[in-house]
Amino acid sequence: MVEKIKHTLLIVDDKYENLISLRGILEKPDREIILCQSGKEALYILLQTKISLLLVDVQMPEMDGYEFVEIIKAHPNTSNIPTIFVTAISDDTKFVNRAFDLGAIDFLYKPLITAITRKKVDSFLRIWDYDELLKTMNNQLEEKNQELEKFAYIVAHDLKSPLHNIQSLIEIIEAEHKPLLNEGILDLFSLIQNSSKK
């Protein structure tokens, strides 16, 4: 089960009434919704805030939605933010293709159907939750792996000296007392030597 995370959604649209309408559709207690009326304003927000999902209007003055998304997808800190385009323009394939080529995860048409918009956003936020969980688990695994590597290094280092001493003592005993030792003891010494080397 994924732990409930407070999500921050960023909605970008030059028309204030569209922002208010979309916020009304998507508001929930576990969400913070930030509204921006330009791509430039949204870029500033992205520098300061971790965003779970972007909803971006296509037609905006100065910087349209495509230009805005192209900028954020080119930056490593924002390239993985899930992005949904929201538009009133035609559903012509070239517009849809451009959105997906830029890395969008969906394309919604105005007038929005409230139930579908909510379901899609909920689904994408669940995916975001699982992705965050996987990142956390991966980081924990990397930390554990580093701890194990450090432990293995310490153990290897700590065992090296006593094992080397055992090898040296057996060599001395064999060299000084070989004529006095029977075949069975020499075989045991050889076994100890081989084991300590391994």
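The values are calculated or read from the model by the stated rules, or taken from the named source; none is laboratory data. Just so we're clear, the structure is a prediction, and the values are computed from it rather than from any experiment. When we count neighbours, we look across all protein chains shown, and the Cβ atoms used for this are built from the backbone with ideal geometry, even at glycine. For accessibility, only protein heavy atoms count, side chains too; no ligands or nucleic acids. Shrake-Rupley method; radii C 1.70, N 1.55, O 1.52, S 1.80 Å.
Loop-located GluC sites (Glu not before Pro) in the range 1-97 (DSSP state not H, G, I, E or B) with no more than 13 neighbouring Cβ atoms inside 10 Å: Glu3, Glu27, Glu62. Seen from Asn139, the other residues with C-beta closer than 14 Å to its C-beta sum to a net charge of -3, counting Lys and Arg as +1 and Asp and Glu as -1. Based on protein heavy atoms only, the chain ends up with 66 Å² per residue of surface accessible to a 1.4 Å probe.
Its Cα gyration tensor gives the range 118-178 an equivalent ellipsoid. The semi-axes, each the square root of 5 times an eigenvalue, are 58, 8, 4 Å from largest down.
When the Gaussian network model of the chain links Cα atoms closer than 10 Å, the mean-square fluctuations of Asp13, Asp129, Asp101 top out at Asp101.
Summarised in one figure, the compactness ratio Rg/Rh of the range 1-71, Cα atoms and Kirkwood Rh, is 0.99.
Bridgeable lysines around Lys6 (alpha carbons under 20 Å apart, same-chain partners fewer than 8 residues away excluded): Lys28, Lys50, Lys119, Lys120, Lys135.
Considering all C-alpha pairs of the chain, those separated by over 31 Å amount to 45%.
For the range 82-126, the carbon plus sulfur part of the accessible surface works out to 56%, probe radius 1.4 Å. The loop-placed trypsin sites (Lys or Arg not before Pro) in the range 40-97, going by DSSP, that have at most 14 neighbouring Cβ atoms within 10 Å of their Cβ come out as Lys50. Across the range 119-126, computed HN-Hα scalar couplings (Karplus, 6.51 cos²θ - 1.76 cosθ + 1.60, θ = phi - 60°) run 4, 5, 4, 4, 5, 5, 6, 5 Hz from first to last residue, x flagging Gly and Pro.
Computed from backbone phi with θ = phi - 60° and the Karplus coefficients 6.51, -1.76 and 1.60, the 3J(HN,Hα) list for the range 24-37 is x, 5, 9, 4, 8, x, 8, 10, 10, 10, 9, 10, 10, 9 Hz; x is used for glycine and proline. Under conditions of 4 °C and 1.567 mPa s, the range 40-84 yields 121 µm² s⁻¹ as its translational diffusion coefficient, taking Rh as the Kirkwood radius over Cα pairs in the Stokes-Einstein equation. In this entry, the range 70-169 is assigned a mean projected area of 10.3 nm², taken as a quarter of its C-alpha convex hull surface. Each Cα pair under 8 Å and six or more residues apart adds its sequence gap; the mean of these over the residue count of the chain is a relative contact order of 16 percent. For Val86, nonlocal amide neighbours, meaning residues 5 or more places apart or on other chains whose placed amide H falls under 5 Å from its own, are Val56, Asp57, Val58, Leu108. Amide H contacts for Leu53 (H built 1.01 Å from N in the peptide plane; partners 5 or more residues away or on another chain; cut-off under 5 Å): Thr8, Leu10. Only Cα sites of the range 28-108 enter the Debye sum here, all with the same form factor; the resulting log10 I(q)/I(0) across q = 0.11, 0.16, 0.19, 0.25 1/Å is -0.27, -0.57, -0.81, -1.34, listed in q order.
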